[in-house]
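Here is the structure we will look at.
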There are 4 protein chains.
Amino acid sequence: MECKCCDRKTIRNEEEKKKLNSRINRIIGQLEGIKRMVDDDRYCADILIQLSAVDKAIKSLASIILDNHMHSCLIEHIEKGDYSIIDEISNLIRRFQ
Amino acid sequence: MECKCCDRKTIRNEEEKKKLNSRINRIIGQLEGIKRMVDDDRYCADILIQLSAVDKAIKSLASIILDNHMHSCLIEHIEKGDYSIIDEISNLIRRFQ
Amino acid sequence: MECKCCDRKTIRNEEEKKKLNSRINRIIGQLEGIKRMVDDDRYCADILIQLSAVDKAIKSLASIILDNHMHSCLIEHIEKGDYSIIDEISNLIRRFQ
Amino acid sequence: MECKCCDRKTIRNEEEKKKLNSRINRIIGQLEGIKRMVDDDRYCADILIQLSAVDKAIKSLASIILDNHMHSCLIEHIEKGDYSIIDEISNLIRRFQ
């Protein structure tokens, strides 16, 4: 089996890259919208509602990347008998709690 | 007293706008960096660590805006005897919990 | 006006105390249930689902107390011209983000 | 290999049970303390600080259980070629985000 997750690399195909980057572009678009709201003296509460949507989008992106990580790197490592990846994942999860 | 928070508007001076927008620009910069990491097949865990930094930066920006909101709009409304803003703020806080 | 929030005291009536404590009792009951699940060798994922319910109940209790706090102490302090309570509240909110 | 995680059971030894339950007992103790604070008319902000400590203790307990889960059930299932447990874990993580 070809290694997709070695030497701190994760090989992604073009479709995966496109999907992730279009999600990130959408979040950047939301943030550009918030900059315009600031410039237009929009009401704080309305800005905070938009910002909470960005927060959810970031968490959802993190979920997708973690999910990909577990479906590829985690399985690969465990099947090779390398369980150290589990502590690495535990630490990542804690960062988003 | 001139009303800074009326009709769902929040009047900000140039300095406040500059501060908020430079924070948002920095977050956009972090996200552009994450796009490059995806393209360069960087390891999932490293991308997730960067994404957790974005998550913290978003929460910190939200804190600053909420703080400004309480120091301006909240005080103005309470001093006018309009307490409905408190429920609005409670709802905002819940969105970020 | 009688001061309900002075000297780091918050005077609560019997009904408020009963409401808050019955919510806390319910959370304690959920945790007792989780102890039984541990003893009965129940599946980790089922225990984690129960624990996420406790997490939501804690956040919801915090929202109620913060809401009461803003509807009583915050209004009292602002009407006396003491705005320092706003930074105190900002710090509390950050603890639950 | 004896199966420790089958039929939605997780077999725990006495030491693990004791550790988890003493953590839960400590959280219950914190909540009993908060009930006394409510009865004693303690200041809302002080109660909220205690409640944020409970929130952290709950998240830390969840981390430990999830960690155990990955070090036992996850490894067992992946080594049997059953990858469905990964989506189950993804869903659990999302509950605590």
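Values in this text are rule-based calculations from the coordinates and carry no lab data. All values reported here derive from a predicted model rather than from experimental measurement. Here Cβ is always computed from backbone atoms with ideal geometry, including for glycine, and neighbour counts include all displayed protein chains.
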query: Under 16 Å Cα-Cα from D:K4, which aspartates and glutamates qualify once same-chain neighbours fewer than 8 residues away are excluded?
result: C:D39, C:D40, C:D41, C:D46, D:E14, D:E15, D:E16, D:D67, D:E76, D:E79, D:D82
message: Under the rule a/c < 1.5 gives rounded, and otherwise a/b versus b/c splits prolate from oblate, where does the protein assembly as shown land using the Cα gyration tensor?
response: oblate
C-alpha long axis of helix A:44-69 to longest principal axis of chain A, angle in °: 10 degrees
Dipole of the range B:11-97, positive end: most advanced residue of B:H77, B:S60, B:I47 [Cβ charges, Cα centre]: B:I47
- request: Along Cα-to-Cβ, 7 Å out, sits the label point; list in nm, shortest first, how far the one on D:Q97 is from those in the other copies.
  value: 1.7, 1.8, 1.9
- prompt: Considering the rotational relationship between chains D and B, which residue of chain D contributes the beta-carbon of minimal distance to the axis, and what is that distance to the nearest Å?
  reply: D:Q97, 6
statement: The set of cysteines in the protein assembly as shown having no other cysteine's C-beta under 4.7 Å reads A:C44, B:C44, C:C44, D:C44
query: How many nanometers, to one decimal and shortest first, lie between the label point of C:K17 and those of its other copies, if labels sit 7 Å from Cα toward Cβ?
result: 3.9, 5.4, 6.6
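What percent does the relative contact order of chain B come to when contacts are Cα pairs within less than 8 Å and at least six residues apart?
Working: 32 pairs, mean separation 29.5, N = 97.
The normalised contact order for chain B reaches 30 percent.
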query: Short version: ³J(HN,Hα) in whole Hz for each residue of the range B:34-40, in order, from phi by Karplus 6.51 cos²θ - 1.76 cosθ + 1.60 (θ = phi - 60°), x for Gly and Pro, what are they?
result: 5, 4, 5, 4, 4, 4, 8
task: Using the Karplus curve 6.51 cos²θ - 1.76 cosθ + 1.60 with θ = phi - 60°, work out ³J(HN,Hα) for each residue of the range D:19-28 in order, rounded to whole Hz, and write x for Gly and Pro.
output: 4, 5, 5, 6, 5, 5, 4, 5, 5, 4
query: Given the options A:A45, A:A62, A:A53, which has the most mean-square fluctuation in a GNM of chain A, springs set between C-alpha atoms less than 10 angstrom apart?
result: A:A45
Of B:E76, B:E32, B:E14, the one that fluctuates the most in a GNM where chain B has Cα springs shorter than 10 Å: B:E14
query: Considering the Cα trace of chain B, what is its radius of gyration and what is Dmax, both in angstroms?
result: 17.7, 57
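Go through A:K19/D:K59; B:K80/C:K59; C:K35/C:K59; A:K9/A:K80; C:K35/D:K56; B:K59/D:K59 and tell me which ones have a Cα-Cα distance over 28 Å in this structure.
Values: A:K19/D:K59 31 Å; B:K80/C:K59 31 Å; C:K35/C:K59 21 Å; A:K9/A:K80 17 Å; C:K35/D:K56 18 Å; B:K59/D:K59 19 Å.
Result: A:K19/D:K59; B:K80/C:K59 exceed 28 Å.
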message: Give me, ordered by chain and number, the residues 5 or more places off C:R42 or on other chains with an amide H under 5 Å from its own placed amide H.
response: D:T10
statement: In order over the range A:84-91: 3J(HN,Hα) from phi, Karplus 6.51/-1.76/1.60, θ = phi - 60°, whole Hz, x for each Gly or Pro, gives 5, 4, 5, 5, 4, 5, 4, 5
query: Tell me, how many Å apart are the Cα centres for the range A:23-51 and for the range B:30-85?
result: 11 Å
statement: Inter-copy distances for D:D46, label 7 Å out on the Cα-Cβ vector, sorted ascending, nm, one decimal, are 4.2, 4.3, 5.0
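Please average, across the residues of B:66-77, the number of beta carbons from any other chain that are within 10 Å of each residue's own beta carbon, and give a whole number.
5
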